[in-house]
Each structure stands twice: as structure tokens, then as C-alpha cells.
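Engineer: Got a structure for you, questions after.
The values are calculated or read from the model by the stated rules, or taken from the named source; none is laboratory data. These figures come from a predicted structure and were not determined experimentally. Reconstructed Cβ throughout: ideal geometry from the backbone, glycine too, with neighbour counts over all protein chains shown. Ligands, DNA and RNA are stripped out before the accessible areas are found, and what is left, the full protein with its side chains, is counted by its heavy atoms. Shrake-Rupley method; radii C 1.70, N 1.55, O 1.52, S 1.80 Å.
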Amino acid sequence: MMDFLLAYENVIALVCINAILGIGVYLMLSVNRFSLATGGLVAVGAYVSVLVSLHTALPFPAALAAGTLAGALMALLLGAPVLRLEGDYFALATLAFTEVMRVIAFNWDTVTGGALGLDGIPLATTLPLLAATVAALVAVIVIARRGRTGRVLEATRLDDMPAQALGIDVARVRLAVFVFSGAVCGLGGALLGHLNGFIGPNDFGLQRSLDAIAYAVLGGLGHVSGALAGATIFTALPEALRFSAQAREIVMATILLLAVVFLPRGMLSIGQPLRGALGRISGSTRRAAPAGEAAPINTEVRP
Amino acid sequence: MEVFLQQTVNGLALGATYAVFAVGFTLLFGVLNVLNLAQGAILMVGAFAGIELTTELDWPLPFAFLAAMLVSALTAMTSEWFVFRPLEARGANRWMGLVASLALARLLIAVVQEVFGTQVRRFPQSAWTEHAWDVLGVRVQSLQLIVIASAVLLMLALAYTLRRTRIGLAIRTIAFKPGVAQLVGIPVTRLKLLTYGMTGALAGAAGVQLGVLYNAVSPFMGDNILLKGLSALILGGLGQVAGAAIGGIVLGLTEVYSVAYLQSSLRDAIAFGAIFLVLVVRPTGFFGTSARQRA
Amino acid sequence: QVIKVGVVQTTTGGSAALYGIEQKNAIEQVVEQANASGKLGKLKIELVHYDDGADRNQTVNIFQRLIGKDKVSAILGPTLTTSALAADPLAQKAGIPIIASSNTAAGLTQRIGDRLFRVSPPEDIVTPGVIKRVVAQNKIKRVAQIYGIDDQLTKSAYTVQKQALADNGVNVVATETFQRGDVDFAAQLTKIKAQTPDAIVIGALAEEAAAIVRQARQLGIPQQVLFIGTQSAISTKFFELGGAGAEGTIVGTAWYPELDNPVSQSFVRDYEARYKRRPDIYAAYGHDAAALLVEAIRRAQSGDSARIHAELTAIKGYPGVLGPIGFDANREPTVEPKILVARGGKFVPLDGKGADK
Amino acid sequence: MTHLLEIDALSKRFDGVQALDGLSLRVDAGTVTSVIGPNGSGKTSLMNMVTGFYRPDSGAIRFDGREIGGLASARIARLGIGRTFQQIRLFQGLSVRDNVLLGAERRGRRGAAQRAGELLERLGLSHAGRWPAEALPYGHQRRLEIARSLAAEPSLLILDEPAAGMNPSEKRELDALLRDVRGRGVTVLLVEHDMELIMGISDRVIVINAGREIAAGTPASVQADPAVIEAYLGVRHDA
Amino acid sequence: MTRERNVLLSVSGLSAAYGKRAVLHGISLEVRQGEIVALVGANGAGKTTTLSAIMGLLPAVSGSIEFDGTSFLGQTGPAAGLAVERRVARGISLVQEGRQTVPQLTVAENLAIGAYLRRDADVAADIAHLYALFPRLAERRRQLAGTLSGGEQQMLAIGRALMARPRLLLLDEPSMGLAPKIIARIFRIIEQIRAEGTTVLLVEQNAREALAMADRAYVLEQGRVVLSGDGATVAADPAVLDAYLGGRQAA
Ligand SMILES: Nc1ncnc2c1ncn2[C@@H]1O[C@H](COP(=O)(O)OP(=O)(O)OP(=O)(O)O)[C@@H](O)[C@H]1O
Ligand SMILES: Nc1ncnc2c1ncn2[C@@H]1O[C@H](COP(=O)(O)OP(=O)(O)OP(=O)(O)O)[C@@H](O)[C@H]1O
Ligand SMILES: [Mg+2]
Ligand SMILES: [Mg+2]
């Protein structure tokens, strides 16, 4: 057991951190927004918290709080103009944000260290802390989704127009969720920053955003546990495939592709019947609509 | 002034390649309603096809160019057949499609890398590709002209197909409402495949253009252009073919001018910042019309 | 007795794989030859290679696995400096010696600790000499700099170049950057051209440097404008991709394929026979990293990390492909840098026969 | 009598189309007021402006004495205006019951469930509570929309062609339902093309054409109005 | 002429289901060349489902559908039916319930795609003819269909189906959302296209007009045909009178 932990401690830590980022994406998906801001928000959280650790005498919890807050604040600033955008435009605007953040990180040498990054960061992130964070986030979300909040989110996700007609301020709901998601990403960034003692701009690019989306989507949409499953598989698979040095990338990509094609509702759909019983209101149970009836969930059309 | 003109020429050549790629990208986006992130990898496959044909089989560039388009088209169509079509048939969420395209890109890159190695390659040079003229102090290379001209030709051909033929109208109908397309007798499945072919061909063309112009064919060349294509798409308004073409050119010029008159380290920041602003000011891109359905 | 040695080189995932593969190739070649030669006696070295896909998170995973599970005696790698910064401390803590062969950031060994050695001479050992020489020889007053802003290696090269230029009183008239994956440098070069510099100082990997010199000449930057590059340009790719543009480029380095050194020459021969292409500088560094480790293991006659570490510290003047090599007090390589110029498709010593001007 | 809704000189133009052209109208509390008019005369656009989905070019909209023109639709909804959509907009993928629950969203959890049950019962949808909404036949989807908006307990209920796709007996049920709703103090603003329904239930009818009022009054009087016959009915329509 | 030659569409014993829920239970009906046949029934009776099955939008569970003498369902099993677009090519056109247009195409383009399978030269003339039938569409020809009013969209949907010059036109509640004046016009148009040789199967809630115009009619209840006969007979049936014709109130 000790040996296992020694050999795989970082893998487990990464699973947790990736799960946190996956949750950040899941949150946005649950209001029908496809966020590519993860990379940028994680960067903000990571740099802010690491700078707090490196340049102040404040304890680690303060650094974590700073990272979380910074992520939330950034999301607030970003969300105000960007959340007006519909569907894919939102995704692309957040992509632009993430890229701009990366470029800033490369250019702002005095603060971020540029390409050389920042090192000598205290290794404060521990496995128990990570596990507790994930558990807490999942608990908060599951509880929130049970009641009123869950229904409001669901309406916002499904169709803006009737939701508004029922008095749901979808813009406010989305902003709130985005800020929460920003806090989650910021926290994830702060934890990541204190994991390996080093951070650099390349940790936070678009790739990070895309990976986070893969966690949330691949695991199974419509439930937080999907993000956990996705993060676990996505992170652990490359390690499990270590034996095949060269063809590993091919094997990995093939497995991913097959998983998507054969389990198009996500990995969790293996246990579909079970879930059906669990989450009636949260579930995205979709029956086959008659052909010819395009049943778009999102409201926008593209003239 | 000379510098400005020179930079404009640079920007146009770069923008032309972006435009060709973005146009294919946006077409697919329109029909599949998914951002196919494998498009960059498909471009890369085309570039490799072009390079193999010119270096190993000594094909003349124009033939290799067409063959590369074909190879990319086939790659795209195969991916439709084995990945996107089954996904759709299984009622997958469109985000699943996006993840599938990511996995596909990974696979293509890994395979090409395994087969051809990681090394950067280049197209053979010949007298007519290396020629340059000095016009009013501006250096214009024959390659730049070739790239710009082929880009314009490709886009005109596409525009004609989409705007002036019934295929084009049919493709747009499928894009917007497959149910209706079926009901008027449009062979939805076949046309989708065709569309994949068209977008693949455009990606392949862009791949060879980039390859000959900048001499940098590598398994990873798609990653960067993918980002540029996406940006051109935003600028032009999603799903807008003409918009994507103009978006590509505008992006090329923006990048070049921001290097020229601001700072090269901010090239991407400015390009993306501009996109960000465009979106905030015009939430559907330059040429996109209002996306909202009426109540 | 089998001694396990970890090899952490990037073989997939972006441009880092370019030099990761070279190093891995050379390392495998050295170890195979050593095992076959019988010079290790009863010992046998087994390489455990993992690819980190240029992702430093994976590098950390791999280090933990090598240390915790595979129980290696020493580690060669990793490819990227960012990965080294994140992962090397693990080995340092576990007391396992690491030899780096492509990390060139200044001061790295001191930052990580006494277990980290490297054979790749950091830029601050090589570059200042080159700049000083070339500036004096060609009376250079104005230069432009262009470098990759998002890469540790090129960024640190730039920093050192900039310092050296300042030390020599050279006026930097333009500083341009690019990012990994950029293929079009015309905009930067047009801007540089307008400043009419005497030389262009390039901080780029071989492929990018090749594209820069080629595009510069295509844009009509005159032949008398010198290019000064970094040691990463020591690659046949530089000439293949750079074409005529490569001609005249000056670099400072510890090694080049034509180096007049029997060890190097036999290495180049074997490598070409084995991998069907000429080694580049990273292959050479990989070679010496492996060779020094093999030597330390031979001397230690044991897989004990502490003893290997002690022997590594003691090595002086070992005949490597880079010439007589050993480690100084900071575990940096003791090699002699050389100044080369590109002539007719290869690098030749600037002082040697080809060096006119 | 107080005017629950007052609209003054409301105009809205879409490129090339003057959808509303200085329209004014009053809706008295506790009544059923109907708006009829030819296709494309601006009825739905009017409702979209009252509910905040379109922003008026000019003119005023007062609800319960308060100016609401240009407010966000969610705000307006919370002030007590509920609506249905001409093109049915259900939450696809949610069950019928959850659709109604979402309507009752602003009530407490328990209250919502109870109310949803009542409404499904009243609209004859209890059997389908667990079906996905899109599995309902068209006519029932309309009823579900009405149930959903009633669940929010609006004081003004706007119905855009609720009878479309219903057969005569179902329309009679709708008629009864609307009377019941009015009886509970909810004001109804109705857009319809079904003359039988309009004539039977309306306290007042306003006829618009090309964004302007061409007649207003009791059902009988507008029905006899030659301008209305000319523009809308085509022939004298007896019900 | 034999009776067989006269039958254009023949549905017999048709059952259909959405997933596990059976909706049609062995429906049989016939539409003869040149007829207007009405299909009436309460909400949820299965009218739309019947049209969907005929069109191939929904696979039949069992039974047969024959059009112009050839079977649509094939020998290989119920699910292996002819693809929708092939049925369109054979000459069937469906106007779906609820104003199905392509919102992002203009009015003119919507009409043009209606004629997708036609290769004759009369398309332009037909469009002009349609504009004459629906002047409102002519005014709005450059407008995106999605921004049309409900009634305008309905006109457009009908117009698009007509552009295919079908032999059999399936209409699902064509009068829905139309002003009374237009409804009258729609019914005239239906009679007119029948006169021009198109056979019509009509689903209508406006049963009075539909039955008055129909040669024959079928009444559907809970997925079964409960009554059929010529238009007048069905209209006179007391149960129908009550349920679908507004009962005594209107009589
Ligand atoms: N978003 C829009 N963009 C462009 N034109 C619009 C828009 N919304 C409405 N219109 C136009 O405004 C006019 C009025 O439309 P509206 O939907 O209000 O009519 P309506 O009275 O509800 O008709 P119907 O009875 O057919 O539903 C129509 O001609 C329509 O084409
Ligand atoms: N997608 C679906 N999934 C499950 N059941 C469905 C679906 N669509 C329709 N149904 C069911 O099939 C039955 C028949 O529906 P259909 O739409 O054919 O009725 P209809 O006669 O056209 O009604 P209306 O007059 O309201 O249009 C109904 O009970 C309906 O609930
Ligand atoms: Mg309307
Ligand atoms: Mg129906």
C-alpha cells in the first residue's frame, strides 16, 4: 500500500485536481454553456496563490483562499460581458480569454517568470486535502441540485425563453454559476500550484481547457460523478498504458475514440438503469424523438 | 510605407491560408453543428500526403496539391463514417462530438508521428517556387502569389457551389434543419458525407499551402492552425462561409500588423483580444446575423 | 546483477519529442554497447524508458514510479527544463542521481541540489564567448534579437544573449518574439529588416531557426547581415530546412558532427548505422550523459545510488564525444565551447580553414 | 375599473416591416381581453414586447401602474405576467410534471409539488406526468404550456393561440378552463384565430391590422364591423 | 379501371410505437387517386403518427404501406422501410404539424428547397404561382423564415410542400394558426390542387370544413380507426358531431 502510494501519489493527486477542473466545466454545462475558460481561470488561481505563498508570510490556507477568490473575481469580470453570448460564441470568447491569459503569463516576466515559470513553491498540497476538496464540492453540488436550485439550473440549461417567461433570470443564474465555476477553477489552480513546486504558462493553455471538457463530457453529462469518472479515466489511462512506450499515444487515442463512439452518453452510461433511478430531475434522460423532429436543446439558430 | 506594404503582402499570404482552412472549418460546423477539432489534424494529414508525393514520388506540386486535397477529403469522410455518423445515430450530445473530434485529432497525430516521425519536413524547392520580385521596394515571392491565387480560386469555387447550386442550398438546409431536408427529398446522409469531403479537401489544400509557404510540415502543425481557424471563424460569424474567408484574411493582417506596429510577443494576445472585443461588441461576429430565434 | 536506470525522454507530444527521441536513441546505443562490451563485469544495465508527452505532470508521475516502483539507481532526463524543475526534486529527495542532457537553463543544478548533474553546457557558459568574438571580429554595432518566448530553452538563451550583447556595448535595435508552432516569421523579419541591423541574434530551436534564416533571406535581408544562433541549431535539419539561408550562421557549442575527436567520430558512425540519420547535438549530449553514468556504475560496481553519485562527482576528464568531460563543483559539465559557422551545408570551426572574413 | 395593463403608442420595426405602429390598448383587471388580426399583423410581437422579449422602439407599457417597457423578461415575469408561446416552447427532455414544477418554481418545494399536481389534474394531463414533454401529442403540449404558466400564479396571463391544434371538444374544455382562470381573478390576454372561442369568452376584443388597431369593442360589435370582416374574417362569421 | 389501379395509397394493419409505447394498433386506410381523404380524431389519437409512418419518419412495427402498387416496407422486416427521401422521390410530400420551416433560410430559399428533386423548368413559374396564392410570402421573400409570424410560416410550409409537385400530399393541420380569411383560402387551395391532380390526405382539427370537402374520411381513436365512410356520412355521425364538430352548440 505504501509502495503503491509512493509510486502513484502524483497520479492520484492529478486525478483529484482534474476532477475539480472537470467539475468546473460540469457546472457550466449544467447551464448550457460550453466553457473554454478553464485554462485561463486555473492560471489566475495558480499564479495568485503561488505569488501569495512566495512573496508573503501568509499561511497556505490564505494562499488557497486567494487563488479561489481570484478565480471567482476573474470569472465575474469575464462573465459580465461574455455571458450574453450564445452557445458557441460563448465557448469561443472563453477560448480567447484563455489564450490571452497564456500570452500574458509569457510576457509578464517580473510577476510570472515568463516561460521560465515560478519554482521553489512550498509543496503544501496533500492527498487528504485534495480528496476532501473533491468530496466537499461533490456534496455541495449534489445537495444544491436536489431542490429549487436544481430546477432553476435545469430550466436555464434547457431553454432560455420559457425559463425567462417563468421569471428565471437566466443571465443572473449563468453569471452566478460562472463565478462559482471560476472559484472552483481558481481553487484547482491553487492546489495545482502547490503540488509540484513549479508552475509555468504552458500548464494553463487551451489544452487544459479542452482536457477539462473531456473529463466532464467523457464521464457522462448531467451528473457531477461524470466529471469524477472522466477525470479518473483520463488521468489514469496514460499511466496504465505505460508499458507500451511508443504506441501508447495511438492506443490512448483509440481507446478514447472507441469510448466516445460506443458510449456516447459517457462512461457512466454503462450503469444507465441505475442512474435513471437515482437522478430523475437531474438526469438528461432523452427518449428517442420521432425522426425529422430536430429537438435542439439550445435556443440559438444560426442564420 | 514600404514596410507597410511589405507587411500587407505578408499578412495577405498568411491570411489566405487561414481563410482556406477556416472556410472548410465553418462549412463543417454548419452541417455537423459541431466544432470539429480534428480539422487541424486533417490538414496535417494532407500536408504529409503532399510532401510524400513530392519528395518520394517526385510528383509536380500542382498534382501533389490536388492529391493532398483528396487524401484529406478521404480522411474526413472516413471519420464521418466511423465516428460522427454512429455518434449521431446513437443520439449523442453535440459536446460528445467535440470530444470525439479531439480524440480523433489525437489519433491522427499519433499515427502520423509513428509512421513518419516527429521531424519537421519541407517541400522540395524549385526555381518557380523560389522566385521573388521587388515591386516598389516590396518583396513579393512567387509562392505568396501562388498561395493567394489558389486560395481565391478555391473559395470562389466553394462560394459558387454553396450559393448557386441546389447542392449548396441542400447543404444549408441540412445544416439548419435535417428533418426538413429529409422531407423535401434531400439525401441527407450522402450530402453530409460529401460535405465532409469538401471540408477535408479544403483543409488538405490549406495544409499544402502552409507547407510550401513556410516549409514546416510536422505532425503538430495542425494544433496552431486550428486555433487560427477558430479565430477566423469567430471574426467571421459562425457558419458564415464568406465571413470565415474574410475572417481569415483579417486575422492574418491583424497578426502581421500587430507584430509590425505593436509588439510581436503580443501577436496572439492582440489577435485574441480583438476577437474578444468583436464578440462583446457584436455578439455574433462581424458577419453573423442575429442568432436568436424569435419568441 | 541488473541495475535499473530510468530514462525520461519526451518521444511524443509536440516539438520536445524532436530532441527527446535523439537523446533516447543515443542513450540506448551507449547502454547496449556497454552491456555488450563486458566492461561492466557482472553488472548489466537495464533502461526503463517512459515518455512524458512533454507534460510535466506526467514527468512527476514517472519519477514517482521510477523511484517508488521500479526502484531505479539513477535517472537520465527529463527532456524539458520545466519538467526538470517539477520532477527532479523528487529524485533529489530520494537521493537518486540524475543526469540531464538537454536542460540548458542557467543555474539549474544549484536550484535542484547535489544529485543533479548535467552534460549540456548552460547557455551562460557558451554564448557570451561567441557574442564577444563575433562582435569584435565583425565590428557589430546594431543587432536585432528574435527568440521563442514560450520555451524555457529559447527564453533562457535570449536572456543570456541579451546580457552578452549589453556587456559588449552592442545596440539592440529590435527585439522580436514568436511562439512554438509559429511558422510565419515574415512579419517580425520585415520589421527587423527596416531597422537595418548588422546581425540577427536568434534564440530558437533548429527547425525554427532554419525557418527564420530562410525567410529572412527570402525577404531580402542582405547576405552581410550575420545570423548568430544557439547550440540547438546543430542539426542536419537546420541545413535541410534552412536551405541557402543557413549559410554563414554562427553558433557556439560544445559539439558538432565533424568534431575532430575519435570518440565522437565513432559515435557518429554508429549512430548513423543504427538510426539511418546523423545525430544532432542532443544525441551527443544524450550520449555523454549515458556514458558518464555507465562509467560511474562501472567504478561503483553496484546499483547503490549513493555510490554512483559519489563516483559521478569524482569523474574528471572522461573521454566523451564532447571531448574530455567531467563535472565541476556545481555539477556542470567541464567542456570547452567552440565557435562554429555554417559553410556549405555543415558547421565548421570559425577559426579553422573555412573561416574567412 | 382599473386598467391592469395599459399600452400607449407602441411601435416596433424590423428591417422593412413595421410590426407595430403606434398601438394603444387597455386591459381591465379580471377580464378576458382578446387580440385578433390577420397573420403578421403584430399580435405576437405585441406580446413579446409586453413580456420583455422584444424591446419597443417607442411607446409605453404599464402594468399595474408601473412602466415595464424594456425591462428584462424575467423581471416582468416576476411582476406577475405569465405567457405561453405560439411556437410551443416546452423544456424538452424534462417530464411533463417537471415542466409544471419549473413553473411553480417561485413557490416552496412542497407547495410547488401540490400545485403541479392540481394543475395537471385540471388540464387533464395527470396520466402523463412522467412522460417526457415532447412525447405529448401537439394539443396536449399546448395544455402543458398553459399549466406551466399558471403554475407561476400570474396576475396577467398571456396566451398566444392556445387553441391551435385542439379539436372543438377540446376547445370547449379550454373555454371552461379560461372561465375558471378568470373566476380566480387572473386577467387573461388572449391571441387567437378561433372565432368560436374568441366570441364565447372575450369580454372585449381588439382587432389589429398592420400594427394598428382597426376595431375594438364587444365580440358582437367587432364581428359585425365591416373593416374587420374585410381584413380578417373574410365572411360574416356566426358563432 | 379496376379498383386496384385506383388506389394510390393503401395502409393495412399498420402498427407503430415510440419506443415501448404502442400508439397505432393496426390501422387500415386507403386513399384513391384524386381523392381528398380526411383523418380526424382527438389529440393523441395518432393522426400525426400515422402520417409519420407513411412518410417513413417512424418505423412501422407491423402492417403494410403500399404506394402506387409498390410496398414501402419491403420484405426484410418491418423496420427496413424505404428511406424518407426515397418516398419523397416517389411523389409523397408532408406538411408537418406546427409550421416546420427552415428558420435560417429566406422565404424564397425555403420554397426553392421544396423543389429539390425536380429537374423540370417550371420551378420558377411555380414559385410565381405560389406568390400569387400567398401574396404575404411574396412581400416577405427575402426575410428569414424564422422571423415570420406564425401564420406566415404555416403558409410557407404548405407552399414548400406544393413546390415538390407531389402526387400525394399529406397535410397535418394546415389551418392551424391561420386567420379565418386565410383558412378559407387554404381550403380553396386544397381543392384547387386536387383539381390539378394531386391526391390529398388531410389531418384537420377544423373538422367541419375538412369533412365538408373530403370525399371520404376516417375517424381515429386511440390508435384505431373507429369510423370511416364518405365525408358527409362521417360528419353526420352523432359521436363525431359532438366531439369534432363542436356538437349541438354549432349545429
Ligand atoms: N424578429 C423579427 N425579425 C423580422 N421580422 C419580424 C420579427 N418578428 C416579427 N417580424 C415581422 O413582424 C410582423 C408581425 O409579426 P407577428 O408575429 O407579431 O404577427 P402575428 O400577428 O402574431 O401573426 P400570426 O397570427 O401569423 O401569428 C410579421 O410580418 C413578421 O414577419
Ligand atoms: N416522441 C414521442 N415519444 C413517445 N410518445 C409519443 C411521441 N410522439 C407522440 N407520442 C404519443 O403518441 C400518441 C399519438 O400522438 P400523435 O401526435 O400521433 O397524435 P395526434 O393525433 O396527431 O394528436 P394532435 O391532434 O394533438 O396532434 C400520443 O399518445 C402521444 O403521446
Ligand atoms: Mg403570432
Ligand atoms: Mg398531431
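Engineer: Ignoring ligands, DNA and RNA, how much accessible area is buried between chains C and B, both sides summed, with a 1.4 Å probe, to the nearest 100 Å²? Intermediate values should be presented prior to the final figure.
Structural biologist: Numbers: alone 13940 and 15010 Å², together 26230 Å².
That pair hides around 2700 Å² of surface in total.
Engineer: For chain B, with a Gaussian network of springs between Cα atoms less than 10 Å apart, report the residue from B:Val120, B:Val212, B:Val250 with the top mean-square fluctuation.
Structural biologist: B:Val120
Engineer: If you don't mind, another one. Using a Cα-Cα cut-off of under 15 Å, which aspartates and glutamates could be cross-linked to E:Lys181, ignoring same-chain neighbours fewer than 8 residues away?
Structural biologist: D:Glu192, D:Asp194, D:Glu196, D:Asp225, D:Glu230, D:Asp238, E:Glu152, E:Glu209
Engineer: Would you work out which of D:His127, D:Leu94, D:Ala116 lies farthest towards the positive end of the dipole of region D:89-153, given +1 charges on the beta-carbon of Lys and Arg and -1 on that of Asp and Glu, about the Cα centre?
Structural biologist: Result: D:Ala116.
Engineer: Next question, about the same structure. Looking only at D:Arg204, D:Arg130, D:Arg62, which one moves most when chain D is put into a Gaussian network model with springs between Cα atoms under 10 Å?
Structural biologist: Between D:Arg204, D:Arg130, D:Arg62, it is D:Arg130 that shows the largest mean-square fluctuation.
Engineer: If you look at just the Cα atoms of chain B, how large are its Rg and its Dmax in Å?
Structural biologist: 19.0, 62
Engineer: If you fit an axis through the alpha-carbon atoms of helix C:305-314 and take the longest principal axis of the Cα set of chain C, what angle between them do you get, 0 to 90°, nearest 10?
Structural biologist: 50
Engineer: Let me ask you something else. For chain D, what's the relative contact order in percent, using C-alpha pairs closer than 8 Å and at least 6 residues apart? It would help to have the intermediate numbers written out before the result.
Structural biologist: Details: 472 pairs, mean separation 60.7, N = 239.
The value is 25 percent.
Engineer: Quick check: net charge around C:Gly129, other residues with Cβ under 13 Å of its Cβ, Lys/Arg +1 and Asp/Glu -1?
Structural biologist: Working: positive: C:Lys132, C:Arg133, C:Lys338; negative: C:Glu123, C:Asp124, C:Asp167, C:Glu336, C:Asp351.
Taking every Cβ under 13 Å from that of C:Gly129, the sum is -2.
Engineer: Follow-up question, since we're still on this one. Between beta-carbons, use under 15 Å as the cut-off and find the net charge around B:Leu235, counting Lys and Arg +1, Asp and Glu -1.
Structural biologist: On the way: positive: B:Lys228, B:Arg282; negative: A:Asp88, A:Glu99, B:Glu255, B:Asp268.
Every neighbour counted, the sum reads -2.
Engineer: Would you tally the net charge around B:Leu262, using a Cβ to Cβ cut-off of less than 15 Å, leaving B:Leu262 out, and scoring K and R as +1, D and E as -1? Can you show the working numbers first?
Structural biologist: Working: positive: B:Arg267, C:Lys191; negative: B:Glu255, B:Asp268, C:Glu176.
Net charge in that neighbourhood comes out at -1.
Engineer: Express as a percent, rounded to the nearest 5, the fraction of DSSP beta bridges in the protein assembly as shown (both residues included) that run antiparallel. Walk me through the numbers on the way to the answer.
Structural biologist: On the way: 64 of 129 bridges.
So the antiparallel bridges amount to about 50 percent of the total.
Engineer: Taking Cα pairs under 8 Å and at least six residues apart, what relative contact order does chain B come out at, in percent? Please report the intermediate quantities before stating the final value.
Structural biologist: Details: 481 pairs, mean separation 107.2, N = 295.
This gives 36 percent for chain B.
Engineer: Please compute, for peptide D:47-60, the average count of beta-carbon atoms on other protein chains lying within 10 Å of each residue's beta-carbon.
Structural biologist: On the way: counts 1, 2, 0, 0, 4, 3, 6, 2, 0, 0, 0, 0, 0, 0.
The shielding value for this peptide is 1.
Engineer: Pick from B:Leu279, B:Leu12, B:Leu213: which is most flexible by mean-square fluctuation in a GNM of chain B where alpha carbon atoms under 10 Å apart are linked?
Structural biologist: Of B:Leu279, B:Leu12, B:Leu213, the most mobile in the Gaussian network model is B:Leu279.
Engineer: Right, something else. As I understand it, the dipole of chain B uses +1 on the Cβ of Lys and Arg and -1 on the Cβ of Asp and Glu, about the Cα centre. Which of B:Val180, B:Pro60, B:Gln240 lies farthest toward its positive end?
Structural biologist: Towards the positive end, the residue furthest out is B:Val180.
Engineer: Go ahead and run the numbers for FRET between A:Ala144 and E:Arg141, Cβ-Cβ distance against an R0 of 56 Å, rounding to 0.05.
Structural biologist: On the way: r = 50 Å, r/R0 = 0.89.
It comes out at approximately 0.65.
Engineer: Also, I was wondering about something else. How much of the accessible area of the protein assembly as shown, probe 1.4 Å, is carbon plus sulfur, in whole percent?
Structural biologist: Values: 28980 of 49380 Å².
It is 59 percent, rounded to a whole number.
Engineer: A further question follows. Per residue and in cubic angstrom, what volume does the convex hull of the Cα atoms of region A:16-204 have? Could you put the intermediate results ahead of the total?
Structural biologist: Values: hull volume 19.0 nm³, N = 189.
Considering the Cα atoms of region A:16-204, their hull volume per residue is 101 Å³.
Engineer: Still on this model: Could you run the numbers on buried accessible area between D and E, total for both chains, 1.4 angstrom probe, in Å² to the nearest 100?
Structural biologist: On the way: alone 10870 and 11950 Å², together 20460 Å².
The D and E chains share an interface burying roughly 2400 Å².
Engineer: Dividing the convex hull volume of the alpha carbon atoms of region A:163-215 by its residue count, what do you get in Å³ per residue? Provide the component values of the computation, followed by the final result.
Structural biologist: Working: hull volume 5.1 nm³, N = 53.
Once divided by residue count, the hull of region A:163-215 is 97 Å³.
Engineer: Follow-up question, since we're still on this one. For chain A, with only Lys/Arg (+1) and Asp/Glu (-1) charged at the beta-carbon, what is the dipole magnitude about the Cα centre, in debye rounded to 20?
Structural biologist: On the way: 19 positive and 17 negative charges, 196 e Å.
For chain A, the charge dipole is close to 940 debye.
Engineer: Based on C-alpha coordinates, I'd like the Rg and Dmax of chain E, in Å.
Structural biologist: 17.8, 51
Engineer: How big is D, in µm² s⁻¹, for region C:33-151 by Stokes-Einstein at 10 °C and 1.306 mPa s if Rh is the Kirkwood radius over C-alpha pairs?
Structural biologist: Details: Rh = 16.7 Å.
Taking Rh from Cα pairs, D becomes 95 µm²/s.
Engineer: Taking the inverse of the average 1/r across all pairs of different Cα atoms in the protein assembly as shown, what Kirkwood radius in Å do you get?
Structural biologist: Values: mean 1/r = 0.0286 Å⁻¹.
Taking every pair of different Cα atoms in the protein assembly as shown, averaging 1/r and inverting gives 34.9 Å.
Engineer: Sticking with this structure for a sec: In the full protein assembly as shown, how much of A:Ser225 is accessible to a 1.4 Å probe, in Å² to the nearest 10?
Structural biologist: 40
Engineer: While we're looking at this one, here's another question. Leaving out same-chain residues fewer than 8 places away, which aspartates and glutamates sit with a Cα under 17 Å from that of B:Lys192?
Structural biologist: Here the aspartates and glutamates satisfying the reach criterion relative to B:Lys192 are B:Glu80, B:Glu88, E:Glu85.
Engineer: Please go through the residue pairs C:Lys24/C:Lys132; C:Lys42/C:Lys71; C:Lys276/C:Lys338; B:Lys228/C:Lys162 and name each one whose alpha carbons sit more than 24 Å apart in this structure. Write down the numbers at each step before the final one.
Structural biologist: Values: C:Lys24/C:Lys132 34 Å; C:Lys42/C:Lys71 20 Å; C:Lys276/C:Lys338 27 Å; B:Lys228/C:Lys162 31 Å.
Too far apart for the 24 Å limit: C:Lys24/C:Lys132; C:Lys276/C:Lys338; B:Lys228/C:Lys162.
Engineer: Any idea how far the Cα center of region C:92-119 sits from the one of region A:95-160, in Å?
Structural biologist: So the separation of the two Cα centres works out to 32 Å.
Engineer: Would you compute, from DSSP H runs of 4+ residues alone, the mean residue ellipticity of the protein assembly as shown at 222 nm, taking -39500 (n - 2.57) per run and dividing by the full residue count, rounded to the nearest 500?
Structural biologist: Mean residue ellipticity at 222 nm (helix-derived): -16500 deg cm²/dmol.
Engineer: Right, here's the next one. Using the heavy atoms of the protein chains alone and a 1.4 angstrom probe, what is the accessible area of the protein assembly as shown per residue in square angstrom?
Structural biologist: Numbers: 49380 Å² over 1445 residues.
So the protein assembly as shown comes to 34 Å² accessible per residue, rounded to a whole number.
Engineer: Further question on the same structure: Under 8 Å for C-alpha pairs, at least 6 residues apart: give me the relative contact order for region D:32-112, rounded to a whole percent.
Structural biologist: Numbers: 46 pairs, mean separation 14.7, N = 81.
In percent, rounded to a whole number, it is 18.
Engineer: Strictly over 32 Å apart at the Cα level, which of C:Lys155/C:Lys346; C:Lys39/C:Lys155; C:Lys93/C:Lys237 would you flag in this model?
Structural biologist: On the way: C:Lys155/C:Lys346 26 Å; C:Lys39/C:Lys155 41 Å; C:Lys93/C:Lys237 39 Å.
Those over the limit are C:Lys39/C:Lys155; C:Lys93/C:Lys237.
Engineer: If the cut-off is a Cα-Cα distance under 20 Å, which lysines reach D:Lys12, setting aside same-chain residues fewer than 8 apart in sequence?
Structural biologist: Output for D:Lys12: D:Lys43.
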